[in-house]
Amino acid sequence: MTDWEKYQQIRREAAFTGLALLVLILFWCWAGFGLAGVDMEIGGLPLWAVTSSIGVWLFAIVLVKILLKFVFRDMPLEDGGKEGSDHE
């Protein structure tokens with residue numbers, strides 16, 4: 001993988017991570033504020049409290065799994081044959 005391809009992959013990963021963060025924030029707003037008017041309880045807690053805390057946490061795990069499966073690639077970040085001990 002050339003340096004340019006590595007750079008492009010890193011930019012792609014950063015962009016999709018930022019997009020995932022935006023989606024997570026929107027979900028958090030919907031789960032907290034959007035469900036505030038729903039009169040339902042889970043374990044004695046209002047639905048909005050459960051979805052805006054535990055629900056967002058679970059949704060974040062799903063987003064990370066999606067990023068890992070479709071966006072992130074395992075690649076060496078150092079140059080071809082050079083090792084860290086060669087640099088001074």
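The figures follow:
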| item | result |
| --- | --- |
| In region 53-72, the residues that are closer than 20 Å to Ala14 by Cβ and either at pLDDT below 95 or in contact with a Lys or Arg (Cβ under 8 Å, 6 or more places away or on another chain) (or both) | Val71 |
| Residue within region 20-31 that is assigned to a strand (DSSP E or B), hydrophobic (A, V, I, L, M, F, W, C) and modelled with pLDDT under 95 present | no |
| Cβ pairs under 6 Å, 6+ apart, first in region 61-73 and closer than 16 Å to Lys6 by Cα, second at pLDDT 95 or above and aromatic (Phe, Trp, Tyr) | Val71/Phe16 |
| Given (1) surrounded by 14 or more Cβ atoms within 10 Å (Cβ to Cβ); (2) out of contact with any Lys or Arg (no Cβ under 8 Å at 6 or more places or on another chain); (3) at pLDDT 95 or above, index of the condition Leu35 fails | (3) |
| Filtered residue count, region 34-51, keeping only those that are among the acidic types (Asp, Glu) and in a strand (DSSP E or B) | 1 |
| Any chance Val56 is surrounded by 15 or more Cβ atoms within 10 Å (Cβ to Cβ), part of a helix (DSSP H, G or I), more than 19 Å from the chain's Cα centre (by Cα) and on the phi < 0 side of the Ramachandran plot | no |
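The values are calculated or read from the model by the stated rules, or taken from the named source; none is laboratory data. Everything numeric in this text was worked out from a predicted model, so none of it was measured. Every residue, glycine as well, gets a Cβ built from its backbone with ideal geometry; the counts of neighbours run over all protein chains shown.
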